[in-house]
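The values are calculated or read from the model by the stated rules, or taken from the named source; none is laboratory data. Predicted model only: the values in this text are computed from it and were never measured. Every residue, glycine as well, gets a Cβ built from its backbone with ideal geometry; the counts of neighbours run over all protein chains shown.
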Amino acid sequence: MNNQLTDSLGREFPYIRLSLTDICNFSCSYCLPDGYQCESNKEFLSIKEIKNLITAFAELGVWKIRLTGGEPTIRKDFLSIIKTIKSIQGIRQIAMTTNGYKLKQRVKSWVSAGLTHLNISVDSLDPKLFHSLTGHNRLQEILEGINLAQQLPIKRIKLNAVLLKNVNSHQFHQYETLLKNNRISMRFIELMQTGDNQKYFDQYHVPANELKTHLLSNGWTEKLKEVGSGPAIEYIHPDYNGSFGVIAPYAKDFCDSCNRLRVSSTGDFHLCLFGEHGFSVRHLLQSENQKAELKQTLCQLLGRKRKQHFLHDGNSGGTPNLASVGG
Ligand code: SAM
Ligand code: SF4
């Protein structure tokens, strides 16, 4: 289908990141260091609202949905959400990003319901460091969940780690061992500045170039990008089943390959993770009859998408932390 979500720079958006909640049970040091703080009683998008939203996006040409948060699996209706999205014509991929705390118990049912792609955050393979970074001593059970997921008919498993100076930035070898025999993509994300983490950012940000240099000098080579792939750069090695991925939002031209738009858990349409604010479309999700107006509104709003973020100027927009909009 023709993608009607194309911006003035010719960038196409086949991919929506939908946040299901901003609540999280973990307290990652770079995201929610004091844990989730409940400021008001929010009502998150219902299944019916999600169905109306994704149906409109699918008719505009979107075929990939990533469920994220906060921690998306905290939602009691998470399985029904997957099933609902799976039933929408045109959606070919349903991905999720999770901290993995329910992986071992639930991954089988998620995959049976229609989940096709899975990202799990694993900031360290050292149990003590994992505990201190996330507030949870759960590395072992998360790794067991990942093992289980590998036996299921899931298309792609990626692990995410935020690259942190002198914390995990010297632990690449541990991940290399994991990638030797596992067909997993290990993605390092350069730490991004958000409204809440300025001091932390100053202390722990390290450019992803250090990792790239390590990979290139150890026999890893950059893989040619597939058409429509996002901003991540992938590295492969003949002796390894797995691959490394590097997401470097501070790299020049990072935004040129932007292929994603976001919707927050309360129905705000975000053109960029680091924009000033989102645009509420929730009032247009109440009935199937509003679909035409919803589609028109989404296309009009896309016209406001800027060429790039302004992180280089220390401007992270209105995002206090990534859990709030959906990372
Ligand atoms: N709770 C889920 C998880 O942690 O996978 C999903 C939401 S989380 C906000 C999505 C991703 O954003 C995670 O991989 C997390 O490591 C990453 N993230 C959060 N804050 C970040 C920051 N300041 N810079 C870079 N990545 C960040
Ligand atoms: Fe929770 Fe994910 Fe943020 Fe960690 S990164 S605090 S798991 S939302």
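Filtered by the rule that a residue be of a type in the set (D, E, K, R) and closer than 18 Å to Thr194 by Cβ, segment 259-282 gives Arg260, Arg262, Asp268, Glu276.
In segment 16-35, the condition of being away from ligand 2 (no atom under 14 Å from the Cβ), surrounded by fewer than 18 Cβ atoms within 10 Å (Cβ to Cβ) and not aliphatic (A, V, I, L, M) is met by no residue.
Taking the conditions exactly as written (charged (D, E, K, R), modelled with pLDDT of 95 or more, crowded, with 17+ Cβ neighbours inside 10 Å and more than 28 Å from Leu179 (Cα to Cα)), does Lys295 satisfy them or not? Criteria met by Lys295. Residues of segment 107-140 that are away from ligand 2 (no atom under 11 Å from the Cβ), surrounded by 16 or more Cβ atoms within 10 Å (Cβ to Cβ) and assigned to a helix (DSSP H, G or I): Val107, Trp110, Val111, Ala113, Leu129, Phe130, Leu139. Restricting attention to segment 3-39, the residues that are within 16 Å of ligand 1 (Cβ to nearest atom) and not hydrophobic (A, V, I, L, M, F, W, C) total 14. Here Leu79 qualifies as in contact with a Ser or Thr (Cβ under 9 Å, 6 or more places away or on another chain) and either more than 24 Å from Cys28 (Cβ to Cβ) or surrounded by fewer than 19 Cβ atoms within 10 Å (Cβ to Cβ) (or both). When Gln198, Gln203, Gln171, Gln193 are checked against the criterion of being out of contact with any strand residue (DSSP E or B) (no Cβ under 8 Å at 6 or more places or on another chain), surrounded by 19 or more Cβ atoms within 10 Å (Cβ to Cβ) and of a type outside the set (A, V, I, L, M, F, W, C), a single residue qualifies: Gln193. Here segment 273-287 is the region considered, the condition is being within 17 Å of the chain's Cα centre (by Cα) and farther than 16 Å from Arg66 by Cβ, and the residue that is modelled with the lowest pLDDT is Gly275.
The number of residues in segment 2-38 that are touching an Asp or Glu at 6+ places or on another chain (Cβ under 6 Å) and closer than 12 Å to Thr68 by Cβ comes to 1.
Annotation note: Cβ proximity below 6 Å between a residue of segment 89-106 that is more than 19 Å from Gly69 (Cα to Cα) and basic (Lys, Arg) and a residue that is assigned to a loop (DSSP other than H, G, I, E, B) and more than 16 Å from ligand 2 (Cβ to nearest atom) (sequence gap 6+ or interchain) occurs for Arg92/Trp63. Which one is surrounded by the most Cβ atoms within 10 Å (Cβ to Cβ), of the residues in segment 246-264 that are touching a strand residue (DSSP E or B) at 6+ places or on another chain (Cβ under 7 Å) and part of a loop (DSSP other than H, G, I, E, B)? Looking at residues that are touching a strand residue (DSSP E or B) at 6+ places or on another chain (Cβ under 7 Å) and part of a loop (DSSP other than H, G, I, E, B), I get Ser264. Can you find a residue in segment 286-293 that is of a type in the set (Lys, Arg) and part of a loop (DSSP other than H, G, I, E, B)? Checking segment 286-293: not a single residue is of a type in the set (Lys, Arg) and part of a loop (DSSP other than H, G, I, E, B).
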